[in-house]
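Some notes on the structure that comes next.
Bear in mind that the values in this text are calculations on the coordinates, not laboratory data. Because the structure is predicted, anything quoted here is derived from the model rather than measured. As a convention, Cβ positions derive from the backbone with ideal geometry for all residues, glycine included, and neighbour counts pool all protein chains shown.
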Amino acid sequence: MLLFLEEHKDYLTYHKYTLLPGEIFFHSIIRHFSHGENDLIIKPSTTYCNWERLGVTLPVTFNSSDIEELSRQPDEKLFARKFDINIDDKILDLIDNIA
């Protein structure tokens, strides 16, 4: 990472005004190293996030009506994004009771 930043000083400048740089800064560098001659293998995310639902702000903010969707996720999905207790705090109790 440090070598990449040293060789690409414009990368830091670019992210100075990027919206939510913490969500893409390191991820983009890792993705860069996974292309080409590198043997870096990136495993799929362990976080479930729904970016496909129509008619809502994405990513989906899960609520109690989404408990079935969340419970159908494979065991590799250890986390889920995103929740808002001001919208629905019952979803977190439902998740606690799945196990």
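Tabulated results
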| quantity | calculated |
| --- | --- |
| Ratio Rg/Rh, restricted to the chain and using Cα atoms, in which Rh is the Kirkwood radius | 1.08 |
| Listed residue (ILE24, ILE42, PHE79) projecting farthest to the positive dipole end of the chain, Cβ model | ILE24 |
| Förster-model FRET efficiency, 41 Å R0, LEU92 and PHE26, C-beta, rounded to 0.05 | 0.90 |
| Cα gyration tensor, the stretch 47-92 - rounded (a/c under 1.5), prolate or oblate | oblate |
| Inter-probe distance in nm under a simple model that places probes 7 Å from Cα toward Cβ, at PHE4 and VAL56 | 3.2 |
| Percent RCO, i.e. relative contact order, over the chain, from Cα pairs under 8 Å lying at least 6 residues apart | 22 |
| Reachable aspartates and glutamates, given that their alpha-carbon falls under 13 Å from the alpha-carbon of LYS43 and they are not under 8 places away in the same chain | GLU76 |
| Value of Rg/Rh across the stretch 18-63 [Cα atoms, Kirkwood radius] | 1.08 |
| Charged-residue dipole, Cβ positions (Lys, Arg, Asp, Glu), the chain about Cα centre, Debye nearest 20 | 220 |
| Cβ-Cβ FRET estimate between LYS43 and ARG81, R0 fixed at 25 Å, reported to 0.05 | 0.90 |
